[in-house]
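*Asks:* Sharing a structure with you now.
Read-outs: derived from the displayed coordinates by stated rules, not from any lab. Note that the coordinates shown come from a computational prediction; the quantities given were computed from them, not determined experimentally.
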Amino acid sequence: MPINIRPAILIFENQQVLTMQYNYGGQEVYNLPGGNLELGEHLSDALAREMQEELGIEVAVGEMILVGEVYFEDRKKHTLHILFEGKITSGIPTINPNETSALAIKWLAVNDLEKVNLYPNLSKQIQEYFAGKLSNKYIGKIDQQWF
């Protein structure tokens, strides 16, 4: 089973986290912005490229916040999620429908993350990060629902 590597970026402005809203199987799902690596691409370069392509923004990629894994044995799908700090350095996030199936940009309060279907499901760890209580950067298996 091949492993997919997906870097994502945590952009926090005005006490809110940037997410992208999707509809998967009739369910509203909010993704942390990110994407898949291209062959030979560095994680931070992939994030910069994905943010430019999908949202029309330039970002500064900061430190790695955490690493976790999602796997669905029945679907033979295994993804390594790596979450980085990030900051918008230019532009205003706008969905580019030619590059993403996201329906909208949604800024969510940190405390509201646990009230939505978040992918990857890191609401608890993000709250711990902002509270200065994230004890380990490797969180192991992420409890993730399939959409």
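*Asks:* Using a Gaussian network model of the chain whose springs link C-alpha atoms within less than 10 Å, name the residue from Leu83, Leu39, Leu118 with the highest mean-square fluctuation.
*Replies:* Per the Cα network of the chain with a 10 Å cutoff, Leu39 tops the list.
*Asks:* Share of antiparallel DSSP beta bridges in the chain, in percent to the nearest 5?
*Replies:* 65
*Asks:* Same structure again: Normalising by the residue count of the chain, find the relative contact order in percent from Cα pairs under 8 Å and 6+ residues apart.
*Replies:* 31
*Asks:* Compute a Gaussian network model of the chain, connecting alpha carbons closer than 10 Å, and tell me which residue from Leu32, Leu103, Leu66 fluctuates the most.
*Replies:* The residue with the greatest mean-square fluctuation here is Leu103.
*Asks:* Bin all alpha-carbon pair distances of the chain at 5 Å intervals from 0 and give each bin's fraction as a whole percent.
*Replies:* The calculated distribution, bin by bin, is 2, 9, 19, 24, 23, 15, 6, 1, 0.
*Asks:* With runs of 4+ DSSP H residues as the only contributors, calculate the mean residue ellipticity of the chain at 222 nm using -39,500 (n - 2.57) per run, divided by the residue total and rounded to the nearest 500.
*Replies:* On the way: 2 runs with 21 residues, N = 147.
It comes out at -4500 deg cm²/dmol, rounded to the nearest 500.
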